[in-house]
Amino acid sequence: MNHRMLFICLTGLLFTTLVAGAVEPEVAPRHRYPKDPPAETANPSRWPKEIKVVGNRLRDAGGREVWLQGVAIPGLEIVPEGHGALQSCRVAIDGWKANVVRLAVRDDFWFGQGKGQTDGGKAYRALVDAAVTMTANRGAYLVIDNHRFRAVKPEQLPFWKEVAGKYKNHPAVLFDIINEPCGISWEVWRNGGFVEEKPKKAVDEAAFLSEEEKKKNQGFESPGMQKLVEVIRATGAGNVIIAGGLDWAYDLSGILKGYALEDKTGNGIMYSAHIYPWKSDWQGKVLDVAEKYPIFVGEVGADVKKMDFLPAERQEDPYTWVPDMLGLIQKHRLNWTGWSFHVWATPVMLSDWDYTPTPFWGEPAKRALSGEKFELKKMR
């Protein structure tokens, strides 16, 4: 994705974040991001227990089920300094009772390739590490989400090799290997293959270009999700791996059709579905798979704001959709992180940077995190 483009994210066509180099919203008071507290010293005695996949649940070493419920925090995939991620981690856990945080990051920022980075990514890696420690010290889990789209690219392999080596078997850390796969086949998703991309401008197919150069202009060769799993496991890291399905990480149906990932040496694979109000067939796309594998609803939420790129009839009122979605999550004990713990990366859980919950999404989500029960009245 072009570094200077406003990209469309979430489950397909929802404007949510801006990539590096793009212009952020005007810095009005509600966009003055929280100040990060000082980094904490790691205190392993307070860390959560290591988890692994057992059937369709996550369990700790004692066999007790671990049900992950929390929030997704954007910012570090937008600009290298982030939007107060450490403070947001602290508030999410201490104030909202989350036991997991999904932290959006970018592989190029990790290596210091973002706009304005001059230290090779040292400060960025330190900030991610501080978020891991901040979360783990509170007995919660942190999901490292490489906030990329479409398909696995070769340059993402060294990122995961380094991240897996750094957080190898850290009991609090899970790996969400690519944010939202889309526009590819299940074969390419799992096993890799050529991913064709429409050129952003006319491509010179002059005779002096080699076939290899022409092909590079037309797309890229994806190594696939299985290769990413193998790269991570080769480091000795057994951490639970999260793999999003197709249709912008919504459709998991291919997992039951021969495309499940193989994990011979680690703590298992959890499959991720991002669910928003215009996504239908919850049963076929998510719940059928949930009978066999643990599910991570890594992004979920609804907004009163209407999107002009979606038909109005597809944009359900959050005051009816949210209670049903929380009821679905609770009924099937799906692991989840609400998108987004932010004031403008829609659908927003926050009204301001005092962490006031939005009435249509943040408030019911906060009540659910505190244990309130919701009833599923209508499937979609």
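Read-outs: derived from the displayed coordinates by stated rules, not from any lab. Being a predicted model, the structure only gives us computed values, none of them experimental. Here Cβ is always computed from backbone atoms with ideal geometry, including for glycine, and neighbour counts include all displayed protein chains.
For this structure, a couple of remarks:
- If you plug the beta carbon distance of A61 and S370 into 1/(1 + (r/R0)^6) with R0 = 22 Å, you get a FRET efficiency near 0.20.
- Within straight-line reach of K264, meaning a Cα separation under 30 Å, sit the following lysines at least 8 residues removed in sequence or on another chain: K49, K52, K153, K161, K166, K168, K227, K285, K292.
- Annotation: amide H of K97 has no partner in the under-5 Å range at sequence separation 5 or more or interchain, hydrogens built in the peptide plane.
- Working note: Karplus 6.51/-1.76/1.60 with θ = phi - 60° gives segment 283-297 the couplings 5, x, 8, 10, 5, 4, 6, 5, 6, 10, 10, x, 10, 10, 7 Hz, where Gly and Pro are set to x.
- Here, the chain has an Rg and a Dmax of 19.9, 66 Å when only alpha carbons are counted.
- Beta bridges by DSSP in segment 44-369, antiparallel share as percent, to the nearest 5: 25
- Linear extension gain, N169 paired with K378, 0.36 nm per residue minus alpha-carbon span: 71.2 nm
- Modelled spin labels at Q283 and K161, positioned 7 Å past Cα toward Cβ, are 4.6 nm from each other.
- Two tests apply to each whole DSSP H helix in the chain, Cα reach of 18 Å or more along its axis and mean Kyte-Doolittle hydropathy of at least 0.0, and the ones passing both are 122-136.
- Candidate cross-link partners of K279 among the lysines, defined by an alpha-carbon separation under 16 Å and a same-chain spacing of 8 or more, comprise K306, K378.
- Between K122 and K35, the FRET efficiency from the beta-carbon distance, with R0 = 30 Å, is close to 0.90.
- Taking amide H as placed 1.01 Å from N in the peptide plane, V195 has its amide H under 5 Å from the amide H of F220, E221, S222, each at least 5 places away in sequence or on another chain.
- A straight Cα-to-Cα reach below 17 Å connects K97 with the lysines K366, K373, residues fewer than 8 places away in its own chain not being considered.
- Model label points for Y319 and N191, set 7 angstrom from Cα along the Cα-to-Cβ axis, are 5.2 nm apart.
- Computed magnitude of the charge dipole of the chain (debye, nearest 20; Cβ of K, R +1, Cβ of D, E -1): 840
- Amide hydrogen neighbours beyond the local backbone of H342, cut-off 5 Å, H modeled: M349, L350
- Segment K305-E221, length gained on full extension (0.36 nm per residue, minus Cα span): 26.5 nm
- Inter-probe distance in nm under a simple model that places probes 7 Å from Cα toward Cβ, at T356 and E262: 5.5
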